[in-house]
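Presented below is the structure to which this report refers.
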Amino acid sequence: MKKRHLQPAVKKHPQFGEKKSFFSPKEIIFRSNGRARVLRISSKMQMFMMSVLVIIAGWSFYSYHFYARSGSIINRKDMELSMVKDSYVNLISEFMALHENVDNILSSDKKNSKEIEDYKKKATVFEDKIKQIADKGNLASEKELNKKKDISEVLLQRDVVVSERDELKKQVDKMEDTLKGIKDAQLDVFEKLKVISSKEVDKLRHIFNEINVPLKNHGLYFNPMANKKESQGGVYIPAKTGLDDKRINDTITAIYKNVDDFEYYKAVIAKLPLGKPVWSYWVTSQYGTRSDPFKKSKATHKGVDLASRTGTKIQIKAPGKVTKADYANGYGNVIVVDHGNGFETKYAHLNKIYVKKGQKVKYNEVIGEVGSTGRSTGPHLHYEVLYRGVSINPMPFIKARAS
C-alpha cells in the first residue's frame, strides 16, 4: 500500500485569522529610550472622534458654499439699493418742483381750482411712490396709483357716510329722549288739568246734590242731565293732535269730557235761582212750620222771611219771564218769575215793583224794593222757590251761590 504523506496542520495566528470591525479597539505603541508605552483607543472613542471630524467637514463645506453665494446676493442687493436711491432722488426732485409750482399758483392773483386739484393728485401719487420705495423697494405705475387713489377716495367717502350715519343715529336717539321728556311733561300737565277739571265738575255736581235735598223731602228730583240733547251726527274726521301716545290721548279725551260736562252744568246752573235776592238781610222766619205772627198758632210757611231795610233792591238770581207782578191779599205787592226747567221764584211784601207781567228779566236785574205790604209786621222779603208748582225750602238755593 502506498502511504499517504500527511503534513502537519499549521496554526494560524489569531491576529490574522479573524476579521475585525472598523471601530475595533486599537493599540498604539510608543518607544522611547528603550522603553515602550501602549495607548489603547476604544470603539466608542473612535466613533466619537469620527463624528467630530464629520461635523467639522460638513460645517466647512456649508461655510464655503454660503460664502460663495453671499457674494452674489450682496452684489445684487447693492444694485437694487442703488436703483432705489436713484428713483428716490428723482421723486424728491419732482416733488420739490411740484411743491414750487403749487406755491406759485397759490401766490398768484388768479387761482385756478382745477390746476390746484391736479397738482394735489400728482402730489398724492408721488407720496404713494415714496412710500412704496420705503416699504417694498419697487415702484408702481402711475395708473395703478390713480386706481388706488380712487379706491381710497371711495373708502374715505364710505367712512364719512358711516360717521354721518352714526352721528345722525345719536341725534335721533337724543331727539327721542327729548321727545319722551316732552311727552312726560305734557302728560303731567294734562293729568293736572284733568284733576282740576274734575274738581270743578264735582263742585257743580255738589250744588245739584244740595238743591236736591229739599226736593227729595217732597218726593221730587232735579236731573241736570235730563234736558241734555245727544242728537248729533256728521262725517267722522279724527282730530289730529300730533300725539301718538295713548296715555296722553286718553287723558285729553277725559279733559274734553270734563270740559263738556262743566260747560253744560254751568249753563244749567245759570238758569237756576241760586244766590241771595237781597244783598243785606237776616232771617226772621224759616221755611216750614212756624208760629203765625198774628194768630200765634202753628202755621205752614212756604218760604223764608229775609228782613232788610225798606227800599233795599231786590235782584233776580236767574234769567226768566215775569208771570205775575201785582198786588195779592196776604202777599201784598208780589212778583212771580218762571225760570224754566220747572223752577219759579216768588217775591212778596214789596214796597215797589219795577217789572211787568210777561217781561223777560236777566240775571242780577233789579225787579223791586223790600217793603212791608200785605200781611206783614215789618219790612222784609218773603222769598219762595217752587219746583213743578211745589214750594220747597229756598235756603239751599240761597247758600249755593254764596258757597
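Quick notes on this structure:
- The trypsin sites (Lys or Arg not before Pro) found in the range 315-397 that occupy coil by DSSP, while having at most 13 further C-beta atoms within 10 Å, are K356, K357, K362, R388.
- Residue exposure proxy: Y383, Y64, Y331, ordered by other Cβ atoms within 10 angstrom of their Cβ from fewest to most, comes out as Y64, Y331, Y383.
- Cβ-Cβ FRET estimate between H218 and I196, R0 fixed at 30 Å, reported to 0.05: 0.25
- FRET efficiency for Y64 and K170, using Cβ-Cβ distance with R0 set to 45 Å, rounded to 0.05: 0.05
- Peptide packing: for 258-266, 41-49, the average count of neighbouring Cβ atoms within 10 Å per residue gives the ranking 258-266, 41-49, highest mean first.
Every number here is computed from the coordinates shown, using simple stated rules; none is lab data. Owing to the predicted nature of the structure, the values given are computational and were not obtained by experimental measurement. We place every Cβ from the backbone using ideal geometry, glycine too, and count neighbours over all the protein chains shown.
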